[in-house]
Amino acid sequence: MAEIVESKIIRDVIHVAPVVHGDERGRFVETYRRSWFPLGREMVQANRSDKAQGAVVGLHYHLHQADYWYATRGRARVVLYDLRIGSPTEGALELVDLGADERGVFIPPGVAHGFASLTDMTLTYLVDSYYNEHDELGVAWDDPDIGADWGVADPVLSDRDRGNPRRSQIPDALVPRAGLRT
């Protein structure tokens, strides 16, 4: 059975350490089970992100959507930042290094999230709502008030990620509140 542990840094973030079964034929890993996440809802969409070493994605956040991330190849540095006003861990920063089949991470709405490819890597992720452009929000990956160490010297970024506002510039209507979820 997988080891399920709530983060000691950011409330409602859940870490999963799966059991890996293997023999001379290969490996088997149970990567996700709905019952592991008390705050989770049904995951309705699965996505896969293949990135080259040095790529940085994020920081992104959602007001309504939760994510579950799991690396299947390579290594990633996951950056989590609690944007939720009223959360007991508001403003907390957590760095999680994910390696292939080492662990998964459940990210609740309002927690900004991103990752840096420490090697060429593949990240699979499940989400509990379909794509909604109005719930695809971002904060500057290099915001000095957040102070994340991405673990890469020369990050490769998308135009979107280069243009995200600093935390202090996010309009009030788009700032997550603890407990808000529809």
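Nothing in this text is a laboratory measurement; each read-out follows from the coordinates by a stated rule. This one's a predicted model, so the numbers in the text were calculated from it and none came from an experiment. Glycine gets a Cβ as well: all are built from the backbone with ideal geometry, and neighbour counts include every protein chain shown.
Under a Cβ-Cβ cut-off of 11 Å, what is the net charge of the residues other than Ala148 that fall near it, where Lys and Arg count +1 and Asp and Glu count -1?
Details: positive: Arg77; negative: Glu94, Asp142, Asp143, Asp145, Asp149.
Net local charge, Ala148 excluded: -4.
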Quiz item: What is the fewest-to-most order of Leu118, Leu83 by other Cβ atoms lying within 10 Å of their Cβ?
Solution: Leu118, Leu83
Practice problem: Consider all pairwise Cα distances in the range 45-137 and report the whole-number % of them above 19 Å. | Solution: 37
Practice problem: Given the peptides 5-12, 63-70, arrange them by the average over their residues of other C-beta atoms within 10 Å, most packed first. | Solution: 63-70, 5-12
Quiz item: Between Asp149 and Arg177, what is the label-to-label distance in nm when each label sits 7 Å out along the Cα-to-Cβ direction?
Solution: 3.6
Quiz item: Scattering from the C-alpha atoms of the range 85-163 alone, worked out with Debye: what is log10 I(q)/I(0) at q = 0.13, 0.14, 0.16 1/Å?
Solution: -0.50, -0.59, -0.79
